[in-house]
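Encoded as structure tokens, the structure appears first; notes follow it.
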């Protein structure tokens with residue numbers, strides 16, 4: 001197996017991109033990543049694209065072909081990967097395996113979603129749950145995560161204020177990230193007084209509806225120094241599946257797929273939690289950020305809320321979480337999120353994260369979730 | 001790069017499967033492939049699933065998680081790949097790269113589509129074209145392929161009867177395939193007198209709307225003899241992209257993605273057309289079967305119609321095409337087709353194809369197309 005390095009990354013501005021089409025935002029990200037890697041489009045051997053539901057959002061499937069065509073990267077192989085909100089993380093994994101196998105040398109893995117100006121997003125997103133057993137009886141994602149939050153509060157005494165602090169810290173970080181959808185601070189009071197969405201979750205507990213794209217250029221580790229002085233190495237890429245429906249789990253406050261994938265990732269990278277300097281987790285709702293730091297093993301089960309409240313996850317804390325602003329404040333264009341998480345870690349490890357830079361970060365980790373944990377993808381990267 | 005072998009295959013009956021859900025048909029295929037490989041579900045390390053448009057057909061995305069869960073293969077990594085009607089071929093490619101890379105040892109690559117009892121299929125399928133430049137102005141797939149057929153007739157003198165013969169031969173073969181949707185013969189007259197769909201194409205030039213699933217088990221070539229006395233080896237797996245929209249091509253009677261992927265496949269396998277004993281091509285419409293044998297290099301451009309008329313592609317001809325019955329008569333459950341094509345070649349190379357057996361077949365080839373050629377995937381297999 002060949003080791004793999006990242007030599008280029010990009011992310012478009014995330015937000016309501018009324019002036020750009022689906023095709024335009026992914027083209028912008030693709031071209032920017034190629035430029036960041038200091039290569040030419042012709043140098044690319046293959047493309048992988050993560051996207052959840054262009055079919056339901058813009059009535060367009062076969063988007064990998066569309067993108068290869070519209071970006072001018074055609075005729076290279078172009079493959080779409082879909083795993084709900086983990087589509088980006090899985091597109092990266094396919095790119096890594098394509099390089100590791102020797103099938104291709106220089107590969108772009110990207111993610112894209114166009115969500116704001118099309119259909120009712122909540123219905124389309126609900127297609128990531130078990131349609132027959134969840135969505136069709138009214139359980140959409142805010143309500144599913146609300147149940148997980150309520151149970152966590154009941155089991156472990158997690159408070160409403162602790163959930164709110166997850167969002168507050170994410171916005172603090174996003175205020176330093178010009179690519180973020182919401183680059184401004186919020187307060188605990190604002191979260192607690194925001195519109196109720198699905199009790200106990202309120203509007204400012206929820207990641208937004210977002211347009212955006214991000215991209216990553218991969219090559220064999222042994223060749224990376226030809227392109228850049230600061231290659232970032234893929235130390236682990238793992239994935240696991242959980243039950244797609246929440247009701248089939250023994251414990252709805254634990255995401256087993258995260259635990260399984262994380263255990264394998266630490267083994268593959270041959271490190272422990274203590275070695276991680278920067279962490280991007282899948283905080284689609286505030287509760288999921290808290291579950292993540294528990295299931296990844298940074299705190300004991302049930303102690304996530306307290307850790308967040310006490311500042312452990314702040315930019316200057318023991319384990320900085322979501323320096324980018326996370327799904328909550330950087331934004332959450334479903335298929336692009338897993339790629340944007342890794343792009344943020346790459347900027348952190350290169351020392352290019354500007355005002356949100358984690359000083360001396362050498363090893364970073366990402367956790368990307370599909371649905372309520374039906375899929376989990378984990379990456380560990382190092383300088 | 002590790003060489004890869006196929007140790008198990010399966011295909012459900014293709015057709016209008018009113019009694020089975022999406023989840024049930026893919027589970028049936030998965031379990032049958034595991035049994036065919038003489039392994040246990042626990043032996044699987046990862047799963048890849050090709051599916052075009054479960055979002056539009058059954059409002060269900062995140063199907064790889066759903067399938068891992070419903071089959072009981074959970075918690076192994078499960079990844080959906082989408083490339084319109086080439087989804088199956090690309091799911092197989094991801095499985096091959098996963099094994100070749102050393103990331104996983106025993107992998108299942110499957111394909112599935114549930115099409116008959118849901119929404120208007122033609123509209124959903126049109127999402128595989130360029131929605132903004134083709135589908136929204138009324139160019140669905142029958143009309144796009146009709147233009148390709150009309151131009152081929154104009155340029156090369158291809159006749160209506162030659163197109164019809166493509167379907168007649170496919171039905172001849174399907175009459176010997178118990179898994180086929182239409183296991184019966186038809187005549188040239190029946191094709192010529194069937195309902196006009198998009199001139200010059202008639203109903204019996206068109207592949208049907210189909211429910212179905214198929215699956216393949218892969219492992220490292222060096223381990224294959226542990227499981228079976230008749231492993232089939234993957235000699236080439238290639239892919240290329242073409243323009244998604246037909247109007248962007250210099251020549252609408254040639255599918256460039258097929259030509260590019262085929263050239264690479266012959267190089268990778270280090271063989272020529274003359275070495276191929278069995279060929280499965282993507283005859284979604286009769287014209288596409290004729291384009292395939294031209295673009296794959298079995299006949300010169302423009303001579304495909306004549307070759308079909310003269311019997312070259314019959315089961316006992318110079319190069320037997322679609323012994324399974326092809327998309328026309330075996331059926332075309334979009335995401336399952338690329339996998340079913342390879343399953344047929346495996347049965348042929350094992351000598352297990354019953355009444356449609358091509359005697360002494362040692363090397364086989366498949367061509368799987370997305371849209372009108374925005375994607376092409378080619379596989380070459382040998383005993």
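Quick notes
- Residues in segment B:58-65 include none that are modelled with pLDDT under 95, within 13 Å of chain A (Cβ to nearest Cβ) and in contact with a strand residue (DSSP E or B) (Cβ under 9 Å, 6 or more places away or on another chain).
- Criterion (assigned by TED's automatic domain parsing to the domain that holds residue A:264, within 27 Å of residue B:76 (Cα to Cα) and not in a strand (DSSP E or B)) met by exactly one of A:243, A:238: A:243
- Residue check: residue B:43 meets all listed conditions (1) more than 7 Å from chain A (Cβ to nearest Cβ); (2) closer than 24 Å to residue A:119 by Cβ but one, namely (2).
- Filter pass, residue B:197 being assigned by TED's automatic domain parsing to the domain that holds residue B:344 and in a helix (DSSP H, G or I): no
- Residue-level check: of (1) more than 20 Å from residue B:60 (Cβ to Cβ); (2) at the interface with chain B (Cβ under 7 Å from one of its Cβ atoms), residue A:73 misses just (2).
- Screening B:50, B:95 for residues that are in contact with a strand residue (DSSP E or B) (Cβ under 8 Å, 6 or more places away or on another chain), modelled with pLDDT of 95 or more, farther than 25 Å from residue A:256 by Cβ and more than 8 Å from chain A (Cβ to nearest Cβ) leaves exactly one candidate, B:50.
- Residue selection: residue B:301 fails the criterion of being free of Cβ contacts under 8 Å to residues at least 24 places away in the same chain and surrounded by fewer than 24 Cβ atoms within 10 Å (Cβ to Cβ).
- With respect to the stated conditions, residue A:125 is surrounded by 24 or more Cβ atoms within 10 Å (Cβ to Cβ), more than 8 Å from chain B (Cβ to nearest Cβ) and within 26 Å of residue A:240 (Cα to Cα).
- Residue B:323 out of contact with any helix residue (DSSP H, G or I) (no Cβ under 6 Å at 6 or more places or on another chain) and either in contact (Cβ under 8 Å) with a residue 24 or more places away in the chain or closer than 22 Å to residue B:10 by Cβ (or both): no
- Pairs, first not assigned by TED's automatic domain parsing to the domain that holds residue A:329 in segment A:154-166, second surrounded by 24 or more Cβ atoms within 10 Å (Cβ to Cβ), C-beta under 7 Å, six or more apart: none
- Filter result (touching a helix residue (DSSP H, G or I) at 6+ places or on another chain (Cβ under 6 Å) and within 9 Å of chain B (Cβ to nearest Cβ)) within segment A:98-113: A:98, A:101, A:103, A:104
- Selection count where residues are in a strand (DSSP E or B) and touching a helix residue (DSSP H, G or I) at 6+ places or on another chain (Cβ under 6 Å), scope segment B:353-369: 5
- Which listed residue, of A:345, A:287, A:255, is in contact (Cβ under 8 Å) with a residue 24 or more places away in the chain, closer than 30 Å to residue A:211 by Cβ and under 15 Å from the mean Cα position of the chain (by Cα): A:345
- Check on residue B:90, more than 20 Å from residue B:343 (Cα to Cα), facing chain A (nearest Cβ under 8 Å) and at pLDDT 95 or above: no
- Filter pass, residue A:81 being touching a helix residue (DSSP H, G or I) at 6+ places or on another chain (Cβ under 7 Å), modelled with pLDDT under 95 and within 12 Å of chain B (Cβ to nearest Cβ): no
- Residue check, residue A:131 crowded, with 21+ Cβ neighbours inside 10 Å, within 13 Å of chain B (Cβ to nearest Cβ) and not in a helix (DSSP H, G or I): yes
- Residue within segment B:180-190 that is within 17 Å of the chain's Cα centre (by Cα), in contact (Cβ under 8 Å) with a residue 60 or more places away in the chain and either within 14 Å of chain A (Cβ to nearest Cβ) or under 30 Å from residue B:62 (Cβ atoms) (or both) present: yes
- One residue alone among A:221, A:240 is touching a strand residue (DSSP E or B) at 6+ places or on another chain (Cβ under 7 Å), surrounded by 22 or more Cβ atoms within 10 Å (Cβ to Cβ), over 22 Å from residue A:286 (Cβ atoms) and within 14 Å of chain B (Cβ to nearest Cβ), and that residue is A:240.
The values are calculated or read from the model by the stated rules, or taken from the named source; none is laboratory data. Note that the coordinates shown come from a computational prediction; the quantities given were computed from them, not determined experimentally. So basically every Cβ, Gly included, is an ideal-geometry build from the backbone, and we count neighbours across all protein chains shown.
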